[in-house]
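The values are calculated or read from the model by the stated rules, or taken from the named source; none is laboratory data. Here the structure is a predicted model, which means the values were calculated and not measured. Cβ sites come from the backbone with ideal geometry, for glycine too, and all protein chains shown count toward neighbours.
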Amino acid sequence: MILTPASRNGWSFPADAELSMLDVQELDSTTGYCWTVETRYAGPTNTKGARVLVSFVGSRKGSKAYCWRHALTTGQNHVAAAVAWMQQLSSLNGAPAYSLISKASTDKGYVFTFC
């Protein structure tokens, strides 16, 4: 297995308090860069020719379709496609590794955040 737990620094703040200007400046200057990726169903699942389409959220530019792997569940197919797409982008964005931070389901697929 090549997965390793990553430690991520993060800021916490109360949901009901207004942040000061210094707080906002600190958040802006210390927050790392992340990529938010969207996967969508491209054809009926679990059938021949089913695919998962991957792109950055809100954009279809540079999207890529990945074949459905019938041995995986629906969620696993989407995460596998998102990971494969991010790995292909590493030569463009200079990232030597990624951490999958969060995922959410949508009516058309999933959204993943990688840092």
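Among the residues here, THR39 qualifies as touching a helix residue (DSSP H, G or I) at 6+ places or on another chain (Cβ under 9 Å), surrounded by 12 or more Cβ atoms within 10 Å (Cβ to Cβ) and touching a residue at least 12 places away in the same chain (Cβ under 8 Å).
Residue by residue, here is whether (1) out of contact with any strand residue (DSSP E or B) (no Cβ under 6 Å at 6 or more places or on another chain); (2) among the hydroxyl-bearing types (Ser, Thr, Tyr); (3) in contact (Cβ under 8 Å) with a residue 12 or more places away in the chain holds:
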position: ASN77; (1), (2), (3): no, no, yes
position: ALA81; (1), (2), (3): no, no, yes
position: TRP85; (1), (2), (3): no, no, yes
position: GLN88; (1), (2), (3): yes, no, yes
position: TYR98; (1), (2), (3): no, yes, yes
position: ALA104; (1), (2), (3): no, no, no
position: ASP107; (1), (2), (3): yes, no, no
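The residues in the range 65-110 that are hydrophobic (A, V, I, L, M, F, W, C) and within 18 Å of ARG51 (Cβ to Cβ) can be counted, and the count is 13. Among the residues of the range 68-115, those identified as exposed (fewer than 13 other Cβ atoms within 10 Å of the Cβ) and part of a strand (DSSP E or B) are SER102, ALA104, SER105.
Among the residues of the range 63-115, those that are under 11 Å from the mean Cα position of the chain (by Cα) and of a type in the set (Ser, Thr, Tyr) comprise TYR98, SER99, SER102, TYR110, THR113. Within the range 1-36, can you find the residues that are at pLDDT 85 or above, of a type in the set (Ser, Thr, Tyr) and either touching a Gly at 6+ places or on another chain (Cβ under 7 Å) or under 16 Å from THR113 (Cβ atoms) (or both)? Across the range 1-36, the qualifying residue is only THR36.
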